[in-house]
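K.L.:
Encoded as structure tokens, here's the structure I'll be asking about.
The values are calculated or read from the model by the stated rules, or taken from the named source; none is laboratory data. Everything numeric here is computed off the predicted structure, so don't read it as measured data. Note: ideal-geometry Cβ built from the backbone for every residue, glycine included; neighbour counts use all protein chains shown.
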Amino acid sequence: MSENLRSMFLGTAGLSVAAGAALLLTLLRTPRPGDLAARERTARLFLLGLAVQSLHFMEEFVTGFQDRFPALLGLPAWSEQFFVVFNLFWLSVWILSAIDLQMGVHRLSLFPVWFFSIAAVANGVAHPMLAVIAHGYFPGLITSPVLGVLGLLLWLRLRDLTRSAP
């Protein structure tokens, strides 16, 4: 395996864990029937989170997260192309799932919403920790606390929007 590919896999391993947890929640929890108002409130909160995620991505990109994070792990820097495509791919998936959330909750479409919620909370914790490790500013630090709070609020809404599967 090339060093760059290894860097991409290892550097995003935390997100893979978050995706696994999101898949588990998707399988273990089922949407509650009805309550259109709750779905719409959840979708609006999710869209607000996506707007902040877009700002977070921009902050990370402009301040060199794609170079500094892999280096902190002893890995080669990520190409700007990989970093941009990776982030735009997930933003696209999340936007589509927000649309589905507004139209009617389908169990499988909750996976990206759970994933976003978990990843947002992880960002809210990880970036301040990375700044402590770096002894100063670390790319993404400014927007990460807002993202973390929105992720937690979304988690609570998702918990209320779903119930344990029979």
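K.L.:
Mind telling me which of the residues Phe61, Phe69, Phe57, Phe46 ends up being closer than 22 Å to Ser164 by Cβ, of a type in the set (Phe, Trp, Tyr) and crowded, with 16+ Cβ neighbours inside 10 Å?
P.N.:
Every option except Phe46 fails the conditions.
K.L.:
From the list Leu88, Leu101, Leu75, Leu96, which residue is modelled with pLDDT under 95, surrounded by fewer than 17 Cβ atoms within 10 Å (Cβ to Cβ) and of a type outside the set (Ser, Thr, Tyr)?
P.N.:
Checking each option against the conditions leaves just Leu96.
K.L.:
Checking Val52 against (1) over 19 Å from Ala131 (Cβ atoms); (2) touching a residue at least 24 places away in the same chain (Cβ under 8 Å); (3) outside any strand (DSSP E or B), only one condition comes out false. Which one?
P.N.:
(1)
K.L.:
Quickly run through the stretch 3-49 and pick out the residues that are β-branched (Val, Ile, Thr) and not in a helix (DSSP H, G or I).
P.N.:
Thr12, Thr30 - these are the residues of the stretch 3-49 that are β-branched (Val, Ile, Thr) and not in a helix (DSSP H, G or I).
K.L.:
Determine if the stretch 9-31 includes at least one residue that is modelled with pLDDT under 90, at positive phi and not charged (D, E, K, R).
P.N.:
No.
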